[in-house]
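The values are calculated or read from the model by the stated rules, or taken from the named source; none is laboratory data. If you're wondering where the values come from, they're calculated on a predicted model, not measured in any experiment. Note: ideal-geometry Cβ built from the backbone for every residue, glycine included; neighbour counts use all protein chains shown. We work out accessible area using only protein heavy atoms, side chains counted, and drop any ligands, DNA or RNA first. Shrake-Rupley method; radii C 1.70, N 1.55, O 1.52, S 1.80 Å.
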Amino acid sequence: MSATLLKKVEPKDLSNLQQIGRETFYETFAQGNTAEDMAKYLSESFSTEKLLSEINNPCSIFYLALDNNQVIGYLKINFGDAQTENQLENAFEIERIYVLKTYQGKAVGQLLFNKALQLANEQHADFVWLGVWEENHRAIRFYQKNGFVEFGKHIFKLGSDEQTDLLLKKILL
């Protein structure tokens, strides 16, 4: 693998973002969910209208991870009113870090995570937070290794299934 590059997403990158979003979410969660719930979630969450709205929101930022011009992962961060839990003041949300399975364990997730921390520090956030499915043990270990601690839970709806996300945060110095 050559050096992974990060590219800030612009509206012209929509199709690449849709493709990597759908592929990585499916790889990560299809086994633990029904085909109907996955199809509904992928259709709604990665629709052209929804993603364009998010890309154009000044309080949300996406980055693509590229290896030899191939998209291998992505990051989505939110701050201000774009956060999925709006009562958290001076906070910075990592909504998504996803990497293709064939690139997991090759520091791509860490690169995306480090970019999120850089952006949070630039925003002078007090802490970074995220929600992670309680059954996604690999991701939970990754975030704990990077200094996150649990501070709550919320419901994440995948299709018709209500699932519990652990809310994790990392205080920034």
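For the chain, lysine pairs with C-alpha atoms less than 14 angstrom apart, excluding pairs fewer than eight positions apart on the same chain, total 11. Between T84 and R22, the modelled labels are 2.0 nm apart [label points 7 Å from Cα along Cα→Cβ].
In terms of the Cα gyration tensor, with a ≥ b ≥ c the square roots of its eigenvalues, is the range 50-172 rounded because a/c is under 1.5, prolate because a/b exceeds b/c, or oblate? The shape class here is rounded.
If you take the beta carbon distance between H154 and K12 as r and set R0 to 30 Å, what does 1/(1 + (r/R0)^6) give as a FRET efficiency, to the nearest 0.05? That pair, H154 with K12, gives E of 0.35.
Computed about its Cα centre, the charge dipole of the chain is approximately 660 debye, with only Lys, Arg, Asp and Glu carrying charge at their Cβ.
For G159, the residues 5 or more places off, or on other chains, whose built amide H falls under 5 Å of its own are Y41. Taking all protein chains into account, the per residue accessible area for the chain stands at 52 Å² (1.4 Å probe). Placing dummy labels 7 Å off each Cα toward the beta-carbon, the span from S43 to Q70 is 3.1 nm. Charge tally for N16 (other residues, Cβ to Cβ under 15 Å; Lys, Arg +1; Asp, Glu -1): +1. Checking every one of the GluC sites (Glu not before Pro) in the range 1-105 against DSSP loop status and a limit of 11 other Cβ atoms within 10 Å picks out E89. Accessible surface for V149 stands near 80 Å², nearest 10, in the context of the full protein assembly shown (1.4 Å probe). Just the protein heavy atoms count here, and of the accessible area of the chain at 1.4 Å, carbon and sulfur take up 48 percent.
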